[in-house]
Amino acid sequence: MLGRVLSHLFFFAFILILLSAYGECRSLNRQQHEKLFPKSPTTADHKKFKELDQDFSTAPEVTSKGCLRCHNLAGQQLEKSLHWTWRYRTKEGRVLGKANVLNNF
């Protein structure tokens, strides 16, 4: 269960990063955009995957029925990343970190 939640959080964070980058890129002309963000090669054409050729009603459904079918270790990898495992103990002895707060976005 925790792995599914983490994979959804990872997916939503990725989408937010893309959206914020898109907002910044809209003000650039095509030449500036291509210079800053050269097209990178990809290892897969996601348009060719039958699993993705369907209507999804929610973002978590896309993650569970689409992304995680192939990227099935993403949740486990995120759980072990520095982004998720950082910890800090305050002078008062309170432990802070992603794993220790209720809203850990």
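The values are calculated or read from the model by the stated rules, or taken from the named source; none is laboratory data. Small disclaimer: the values here were computed from a predicted structure and weren't measured. No Cβ is skipped: glycine too gets one built from the backbone with ideal geometry, and neighbour counts run over all protein chains shown.
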Checklist entry - Does residue 25 fit the bill of being surrounded by 10 or more Cβ atoms within 10 Å (Cβ to Cβ), modelled with pLDDT of 85 or more and of a type outside the set (Asp, Glu)? => result no
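Do we find that residue 57 is more than 26 Å from residue 101 (Cβ to Cβ), of a type in the set (Ser, Thr, Tyr), part of a loop (DSSP other than H, G, I, E, B) and modelled with pLDDT under 80 in this structure? Before you say what the answer is, go through the steps one by one.
On the way: more than 26 Å from residue 101 (Cβ to Cβ): yes; of a type in the set (Ser, Thr, Tyr): yes; part of a loop (DSSP other than H, G, I, E, B): yes; modelled with pLDDT under 80: no.
Spelling it out, it is not the case that residue 57 is more than 26 Å from residue 101 (Cβ to Cβ), of a type in the set (Ser, Thr, Tyr), part of a loop (DSSP other than H, G, I, E, B) and modelled with pLDDT under 80.
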Item to check | Within segment 77-98, considering residues that are surrounded by fewer than 13 Cβ atoms within 10 Å (Cβ to Cβ) and in a helix (DSSP H, G or I), the one nearest to the chain's Cα centre (by Cα) | outcome: 83
Checklist entry - Taking segment 66-105, which residues are aliphatic (A, V, I, L, M), at pLDDT 85 or above and within 25 Å of residue 46 (Cβ to Cβ)? => result 68, 73, 74
